Amino acid sequence: MSALETARGWLQQARRLCVLTGAGMSAESGVPTFRDALGGLWARYDPQQLATEAGFRADPQLVWDWYAARREGVARAEPNAGHRALADWQARHPGRLSLVTQNVDDLHQRAGSSDVICLHGALFANRWLDACRHLPAGAEAEDTRRAEPGRPPRCGVCGNLVRPGVVWFGEALPGQALQAAEDAAGDCDLMLVVGTAGAVYPAAGLPALARQAQARVVIINPAPSELDGLAHLVIRAKAAEALPPLLA
Ligand code: APR
């Protein structure tokens, strides 16, 4: 029996499915994986330098422009057959799928997936860099509508900068999202790990939680990943190739 047929059998038996996706999920939509940077004029920069608070404070315009370029790339991209297969399965099986993503693009959401657990924030979200005493009372750090336009936008009174609402290296993940992801990993019977190198924690620790909870773990990735040793099954394929037949 093929790996795909085995995984399909496990899916039929599963009560609850948890799916963890990484940058490879969006590769067939033409969105460069994080480490691919953006090529072109960005090729000379190290994403690990740009995607940090220190990098942003050191050169706010450079980092802001890098995110603006990534936003333009994602806006031009379309969800692929893998994104759609996940959204369709979720719609056919209400309440049985928890989708956890490390990606900051909005392709799962644009494909129709709901309640997506976004561990690393959202590319199109903004928030204030520092606490701003000029914020209207009670306004959220995410409410940057008042900012003066710019690269980056900033507070017209004190110059507080607006930053992308993503999790940068060295920053804590949003607590609620991480808790929801850990709950989903611990409660599922089957975890699909799609398109991630499994190199960045705590996201990469979720498959181990699923295994501890006696769930089966299936990896979908055209290349080896750091999580392969943890998987019951590895499907050496691309997300948009494997997910539609698996979830049909
Ligand atoms: N289908 C499935 N997987 C793919 C595909 C594809 N078409 N193309 C590439 N991949 C796999 C690669 O083999 C690799 O294992 O996707 C993975 C991409 O790895 P990374 O670029 O390291 O992305 P990811 O694992 O999501 O990184 C995790 O680290 O870079 C930070 O915050 C960033 O969320 C990111 C996190």
For this session: For helix 81-92, report the angle its Cα long axis makes with the longest principal axis of the Cα atoms of the chain; keep it between 0 and 90° and round to the nearest 10°.
Result: 70 degrees
Problem set entry | Computed magnitude of the charge dipole of the chain (debye, nearest 20; Cβ of K, R +1, Cβ of D, E -1) | 220 debye
Exercise. If you add up the charges near Cys132, with Lys and Arg at +1 and Asp and Glu at -1, over every other residue whose beta carbon is less than 14 angstrom from its beta carbon, what do you get?
Worked result: +1
Problem set entry | Residues whose placed amide H lies under 5 Å from that of Val166, excluding near-sequence neighbours | Ala122
Problem set entry | Degrees separating the helix 175-187 axis from the principal Cα axis of the chain, which is the longest one | 0 degrees
Problem set entry | Unit charges at the beta carbon, dipole of the chain: most positive-side option, Gly73, Pro244, Leu38 | Pro244
Exercise. In the chain, which Cys residues have no partner Cys with a Cβ closer than 4.7 Å?
Worked result: Cys118, Cys132, Cys155, Cys158
Seminar exercise, completed: Expressed in angstrom and rounded, the centroid-to-centroid distance over alpha carbons for region 169-246 and region 65-143 is 18 Å
Problem set entry | Share antiparallel - DSSP beta bridges, the chain, percent rounded to 5 | 25 percent
For this session: About the Cα centre of region 65-162, how large is the charge dipole given +1 on each Lys and Arg Cβ and -1 on each Asp and Glu Cβ? Please answer in debye to the nearest 20.
Result: 60 debye
Exercise. Arranged from highest to lowest average of other beta-carbon atoms within 10 Å per residue, in what order do the peptides 9-21, 85-97 appear?
Worked result: 9-21, 85-97
For this session: Determine the sum of side-chain charges near Asn221: Lys and Arg each +1, Asp and Glu each -1, restricted to other residues whose C-beta is under 14 angstrom from that of Asn221.
Result: -2
Problem set entry | Inter-probe distance in nm under a simple model that places probes 7 Å from Cα toward Cβ, at Arg146 and Asp183 | 3.3 nm
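Values in this text are rule-based calculations from the coordinates and carry no lab data. In this text the structure is predicted, and so the values were computed from the model without any measurement. Using ideal geometry, Cβ is built from the backbone for each residue, glycine included, and neighbour counts are taken over all protein chains shown.
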